[in-house]
Amino acid sequence: MQDRATLALQLTAAVAAAYAAIQRSGDRALRSFGLSHRAYAALQAIDEGEAGGVRPSDVARRLGVSRAAATTFIQRLETKGLVETTPDDDDDRMVRVNLTRHGIEVLIRAGQLQRRLAGRTIEGLPASAIIRTATLLESFEARLAGRQLGVVS
């Protein structure tokens with residue numbers, strides 16, 4: 001039997017490879033809508049905001065990027081007609097961002113495509129194996145999140 005360190009490395013490599021494959025597949029699907037993965041995430045962040053729209057700083061926080069980067073995403077989405085900005089009623093220096101009708105349609109269609117692709121990914125796998133794998137990965141993530149992994153000399 002292999003030692004635990006070797007098993008941990010194999011698990012980490014398998015998770016990283018699966019993540020990369022998922023990203024590539026998702027990126028190909030989103031490109032058919034003229035979106036990058038980050039642009040799609042920005043649309044989702046805007047969609048999940050308040051009824052009056054979200055501030056660029058809220059989008060930045062959700063995406064884990066700077067406000068300037070979020071503003072760039074928003075400007076690109078606005079150029080494509082997917083979002084619109086309006087002055088913030090509470091602060092004249094700020095704007096609120098909302099999805100346009102076209103943005104809502106693209107978000108819905110892209111989400112449907114991603115769900116279909118996800119379904120195809122697990123096609124033919126037993127439900128019990130999927131549940132065990134999901135449980136294992138959730139445990140793995142929780143262990144990583146709960147520890148400060150540092151370099152040991």
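The values are calculated or read from the model by the stated rules, or taken from the named source; none is laboratory data. Since we're looking at a predicted model, the values are computed, not measured. FYI the Cβ positions are ideal-geometry reconstructions off the backbone, even for glycines, and counts take in every protein chain you see.
Annotation note: of 101, 67, 61, the sole residue that is loosely packed, with under 15 Cβ neighbours inside 10 Å, over 29 Å from residue 133 (Cβ atoms), modelled with pLDDT of 90 or more and in contact with a Pro (Cβ under 8 Å, 6 or more places away or on another chain) is 67. Checking 136, 125, 117, 107 one by one, the residue that is in contact with a Gly (Cβ under 8 Å, 6 or more places away or on another chain) and either surrounded by 11 or more Cβ atoms within 10 Å (Cβ to Cβ) or of a type in the set (A, V, I, L, M) (or both) is 117 and no other. Only residues that are hydroxyl-bearing (Ser, Thr, Tyr), in contact with a helix residue (DSSP H, G or I) (Cβ under 6 Å, 6 or more places away or on another chain) and either closer than 10 Å to residue 97 by Cα or loosely packed, with under 15 Cβ neighbours inside 10 Å (or both) were counted in segment 31-58, giving 1. Where residues in segment 126-147 are among the basic types (Lys, Arg) and over 22 Å from the mean Cα position of the chain (by Cα), which of them is nearest to residue 15 (Cα to Cα)? Ranking the candidates gives 132 first. Checked across segment 22-43, the condition of being modelled with pLDDT under 90, over 17 Å from the mean Cα position of the chain (by Cα), in a helix (DSSP H, G or I) and β-branched (Val, Ile, Thr) holds for no residue.
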